[in-house]
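Asker: Sharing a structure here in structure tokens format.
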2 protein chains.
Amino acid sequence: MEKIHGVLAPVVTPFTNDYGVDYDRLLEHCLWLRSHQIGIAALGTNSEANSLSPDERQRIIQALIDGGVEPAAMMPGTGACDLPTAISLTSFAVKAGCAGVLTLPPFYYKGVSDEGLFNYYAGIVEGVDNPDLRLYLYHIPQVSQVPISLSLVERLLRTYPGQIAGIKDSSGDWDNTAALIREFSAEGFDVFPGSEDFLLQGLRHGAVGCISATANVNPGPMRQLLLSYENPNADEQQAELSAVRAVFQDYVMIASMKAAIAHWRNDVVWQTVRPPLVALTDEQARALIGRLEEVGFSMSF
Amino acid sequence: MEKIHGVLAPVVTPFTNDYGVDYDRLLEHCLWLRSHQIGIAALGTNSEANSLSPDERQRIIQALIDGGVEPAAMMPGTGACDLPTAISLTSFAVKAGCAGVLTLPPFYYKGVSDEGLFNYYAGIVEGVDNPDLRLYLYHIPQVSQVPISLSLVERLLRTYPGQIAGIKDSSGDWDNTAALIREFSAEGFDVFPGSEDFLLQGLRHGAVGCISATANVNPGPMRQLLLSYENPNADEQQAELSAVRAVFQDYVMIASMKAAIAHWRNDVVWQTVRPPLVALTDEQARALIGRLEEVGFSMSF
């Protein structure tokens, strides 16, 4: 199977008013993203995946496939603090044919060693024991508080070439992204920046796309830049993407993306987030929409 | 049912060589702690509970009860990043008759609001919907990175008096512990410092005991101070407890406690920890034991 490249969205997870997973709205959203050729990185940080139970996470993977999302376009998040859950979810995703899995490090204990993290990821690879596994590491130290170091990547890649398939670098530190590309991409290790702010720069330096929250709301222009990044107006396109992202980022990103979808779908249910997150207030949502309109942003379905 | 007071141990979880939960050794350890009248706060931070799957956590609660640990002496950890898991585990523990449950806040998303944390804990209380629930909040900001503020405690206590039963304060910040006692203990909200370093000071100021890692290895002297804290030699006893703790703390606590148990039980299996933690090296273990013997510490079974 060809490795997954391009722009992927950590798809936001809609909830019903009583906080249940809204599988219908989720599928509708994913199919809309697919209509823009966006990959489906379900169950990521922006999916509130860590506010979902292991059972709910597995059911979401199955529901999307049953609903017509091609597993070859999917890179669900299957990390967990505990190995049994991570192995079980990863195994399920691989058997379901997903192009890859995106796996957080265990994030409860802090200050853990690279040795311990190596043992954890080795535990997944060996527990899953499937040559089809394409495991993408997830470096998001500002949230997980557990960084993935270059030396950890190197040791994992040497030990499990092929199965350790790449990384999402959400650190926002371009020097780290560039180092990952420089050190490992020649071995087929794929680097995805975690924000479209680095989409153009990444593509110019050897990244294979990006996995970014705002692909949930701005998929068309992001796909467009991916296709035309060698064109003369690419810097201008990048500036437009970043201007939109900056507005969403001024709020808690998950709540602001859901507020935007609720607004342009005219569907208030979309505002719902699970605790410990909170939805934008009506006032915040109005201000957000106003500012988005000022930068020429809108969504259409 | 009388509320649980005294010294509780967040019991370390033994693993077999292939990282399976070792239920037999766990039960043996808990019964030994009970022989010293130590309460069983299974599934805490020092139990590597976040390295256990929800199923394993539930099975541990059941296995301890089946093995003869009185549920009235148990305060298992039932927190989780996601509400469905936290509700399910909490509900199970309450129905099993546990004296209380100790619940971490959801710890993946950082910088969350008190509003969001209130909604989370309210979601547990209302989801469990059982008047027997005695929920103890768990404030361990250096690990969870999600603090439990005084105003959050106040709002929860006003909304769910009785069911919000107390707190374990592992911040190591005595001023915070003292404020919790001063503000809320008159309403029957019980405060447990998270370390025996504060056992004597806590008891003198209205704490109801302590929940401390090292109760796993030093239960007798901790119980003794609890019983005799008004005696003239209490400060001396406290100093001895703290001297022992200081040695364990110089290493990663979980690994050092397991190394000590392995040494004095002459049972190397006890050294095993789950990733992302790593066991002490042989050299570290020898140094630990040497230093413990220097302060007059040993274990007997």
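Asker: Filter segment B:103-143 down to the residues that are surrounded by fewer than 19 Cβ atoms within 10 Å (Cβ to Cβ), in contact with a Lys or Arg (Cβ under 9 Å, 6 or more places away or on another chain) and more than 30 Å from A:Gln142 (Cβ to Cβ) and list them by number.
Answerer: Scanning segment B:103-143 gives B:Asn130, B:Asp132.
Asker: Identify all residues within segment A:100-125 that are of a type in the set (A, V, I, L, M), outside any helix (DSSP H, G or I) and either at the interface with chain B (Cβ under 7 Å from one of its Cβ atoms) or more than 20 Å from the chain's Cα centre (by Cα) (or both); write none if there are none.
Answerer: A:Val112, the sole residue that qualifies.
Asker: Could you give me the residue pairs with C-beta distances under 7 Å whose first residue belongs to segment A:143-154 and is within 14 Å of chain B (Cβ to nearest Cβ), whose second residue is surrounded by 23 or more Cβ atoms within 10 Å (Cβ to Cβ) and assigned to a helix (DSSP H, G or I) wherever it lies, and which are 6+ apart or on separate chains?
Answerer: That search, which allows pairs on different chains as well, returns A:Val143/A:Thr45; A:Leu152/A:Leu117.
Asker: Which of the residues spanning segment B:82-94 are in a loop (DSSP other than H, G, I, E, B) and in contact with a strand residue (DSSP E or B) (Cβ under 6 Å, 6 or more places away or on another chain)? Can you show your working first?
Answerer: Step one: of segment B:82-94, the residues in a loop (DSSP other than H, G, I, E, B) are B:82.
Passing the criteria: none in range.
Asker: Of the conditions (1) in a loop (DSSP other than H, G, I, E, B); (2) within 11 Å of chain B (Cβ to nearest Cβ); (3) not aromatic (Phe, Trp, Tyr), A:Gly97 fails just one. Which one is it?
Answerer: Checking A:Gly97 against (1) in a loop (DSSP other than H, G, I, E, B); (2) within 11 Å of chain B (Cβ to nearest Cβ); (3) not aromatic (Phe, Trp, Tyr), the one that fails is (2).
Asker: Every residue in segment B:274-301 that is aliphatic (A, V, I, L, M) and under 12 Å from B:Tyr251 (Cβ atoms), please. If you could, list the steps in order and put the result at the bottom.
Answerer: Just the residues of segment B:274-301 that are aliphatic (A, V, I, L, M), to begin with: B:277-280, B:285, B:287-289, B:292, B:295, B:299.
Across segment B:274-301, the qualifying residues are B:Leu277, B:Val278, B:Ala279, B:Leu280, B:Ala285, B:Ala287, B:Leu288, B:Ile289, B:Leu292.
Asker: Is it true that B:Asn50 is at the interface with chain A (Cβ under 8 Å from one of its Cβ atoms), touching a Phe, Trp or Tyr at 6+ places or on another chain (Cβ under 7 Å), assigned to a helix (DSSP H, G or I) and not charged (D, E, K, R)? So that I can check it myself, show each step before the final result.
Answerer: Numbers: at the interface with chain A (Cβ under 8 Å from one of its Cβ atoms): yes; touching a Phe, Trp or Tyr at 6+ places or on another chain (Cβ under 7 Å): yes; assigned to a helix (DSSP H, G or I): yes; not charged (D, E, K, R): yes.
So B:Asn50 passes the test.
Asker: Would you confirm, using the coordinates I've provided, whether B:Leu52 is touching an Asp or Glu at 6+ places or on another chain (Cβ under 7 Å) and in contact (Cβ under 8 Å) with a residue 24 or more places away in the chain?
Answerer: Details: touching an Asp or Glu at 6+ places or on another chain (Cβ under 7 Å): yes; in contact (Cβ under 8 Å) with a residue 24 or more places away in the chain: yes.
Yes.
Asker: When you scan segment B:126-142, how many residues do you find that are within 12 Å of chain A (Cβ to nearest Cβ) and assigned to a helix (DSSP H, G or I)?
Answerer: Number of matching residues: 4.
Asker: Report, by residue number, each residue of segment B:240-286 that is closer than 21 Å to B:Ser51 by Cα, among the β-branched types (Val, Ile, Thr) and more than 14 Å from chain A (Cβ to nearest Cβ).
Answerer: Matches in segment B:240-286: B:Ile261, B:Val268, B:Val269.
Asker: Separate question: For B:Thr177, state whether it is over 23 Å from B:Trp32 (Cβ atoms) and either aliphatic (A, V, I, L, M) or crowded, with 16+ Cβ neighbours inside 10 Å (or both). Walk me through how you get there before you give the answer.
Answerer: On the way: over 23 Å from B:Trp32 (Cβ atoms): yes; either aliphatic (A, V, I, L, M) or crowded, with 16+ Cβ neighbours inside 10 Å (or both): yes.
Taking the combined requirement at face value, the residue satisfies it.
Asker: B:Gly79 passes all but one of (1) within 13 Å of chain A (Cβ to nearest Cβ); (2) assigned to a loop (DSSP other than H, G, I, E, B); (3) surrounded by fewer than 23 Cβ atoms within 10 Å (Cβ to Cβ); which number fails?
Answerer: Of everything listed in (1) within 13 Å of chain A (Cβ to nearest Cβ); (2) assigned to a loop (DSSP other than H, G, I, E, B); (3) surrounded by fewer than 23 Cβ atoms within 10 Å (Cβ to Cβ), B:Gly79 misses just condition (3).
Asker: Let me ask you something else. Can you pull out the residues in segment B:172-191 that are more than 19 Å from B:Tyr121 (Cα to Cα) and either of a type in the set (A, V, I, L, M) or part of a loop (DSSP other than H, G, I, E, B) (or both)?
Answerer: B:Gly172, B:Asp173, B:Ala178, B:Ala179, B:Ile181, B:Ala186
Asker: State yes or no: is A:His36 under 18 Å from the mean Cα position of the chain (by Cα) and surrounded by fewer than 18 Cβ atoms within 10 Å (Cβ to Cβ)? Full working, then the answer.
Answerer: Details: under 18 Å from the mean Cα position of the chain (by Cα): yes; surrounded by fewer than 18 Cβ atoms within 10 Å (Cβ to Cβ): yes.
Criteria met by A:His36.
Asker: Further, regarding this structure: Considering only residues that are away from every other protein chain (no Cβ under 14 Å) and β-branched (Val, Ile, Thr), look in segment B:59-76 and name the one that is surrounded by the fewest Cβ atoms within 10 Å (Cβ to Cβ). Don't jump to the end; show me each part of the working.
Answerer: If we filter segment B:59-76 for residues that are away from every other protein chain (no Cβ under 14 Å), which is where we start, we get B:61-76.
Add one more test, that the residue is β-branched (Val, Ile, Thr), and what stays is B:61, B:65, B:69.
Details: B:Ile61: 24, B:Ile65: 16, B:Val69: 23.
Applying the filter and picking the extreme gives B:Ile65.
Asker: Looking only at residues in segment A:143-171 that are outside any loop (DSSP other than H, G, I, E, B) and among the polar types (S, T, N, Q), which one is nearest to the chain's Cα centre (by Cα)?
Answerer: Taking segment A:143-171 and keeping what is outside any loop (DSSP other than H, G, I, E, B), we get A:143-144, A:150-159, A:161, A:164-169.
After this cut, where a residue has to be among the polar types (S, T, N, Q) as well, the list is A:144, A:151, A:159.
Values: A:Ser144: 14, A:Ser151: 23, A:Thr159: 25 Å.
For segment A:143-171, the residue satisfying everything is A:Ser144.
Asker: Something else now. Name the residue, out of B:Phe92, B:Phe107, that is more than 23 Å from A:Pro106 (Cα to Cα) and aromatic (Phe, Trp, Tyr). Steps first, answer last, please.
Answerer: Working: B:Phe107 fails: more than 23 Å from A:Pro106 (Cα to Cα).
Only one candidate qualifies: B:Phe92.
Asker: Still on this structure: Can you name every residue in segment A:18-47 that is more than 8 Å from chain B (Cβ to nearest Cβ), assigned to a loop (DSSP other than H, G, I, E, B) and not aliphatic (A, V, I, L, M)?
Answerer: A:Asp18, A:Gly20, A:Asp22, A:His36, A:Gln37, A:Gly44
Asker: Which residues, counting only those in segment B:86-102, are hydroxyl-bearing (Ser, Thr, Tyr) and surrounded by fewer than 24 Cβ atoms within 10 Å (Cβ to Cβ)?
Answerer: Restricting attention to segment B:86-102, the residues satisfying the condition of being hydroxyl-bearing (Ser, Thr, Tyr) are B:88, B:90-91.
Scanning segment B:86-102 gives B:Ser88, B:Ser91.
Asker: Among the residues that make up segment A:221-242, is at least one of them crowded, with 18+ Cβ neighbours inside 10 Å, among the hydrophobic types (A, V, I, L, M, F, W, C) and at pLDDT below 95?
Answerer: For segment A:221-242, residues crowded, with 18+ Cβ neighbours inside 10 Å, among the hydrophobic types (A, V, I, L, M, F, W, C) and at pLDDT below 95: absent.
The values are calculated or read from the model by the stated rules, or taken from the named source; none is laboratory data. No experiment lies behind these values; they were computed from the predicted model shown. As a convention, Cβ positions derive from the backbone with ideal geometry for all residues, glycine included, and neighbour counts pool all protein chains shown.
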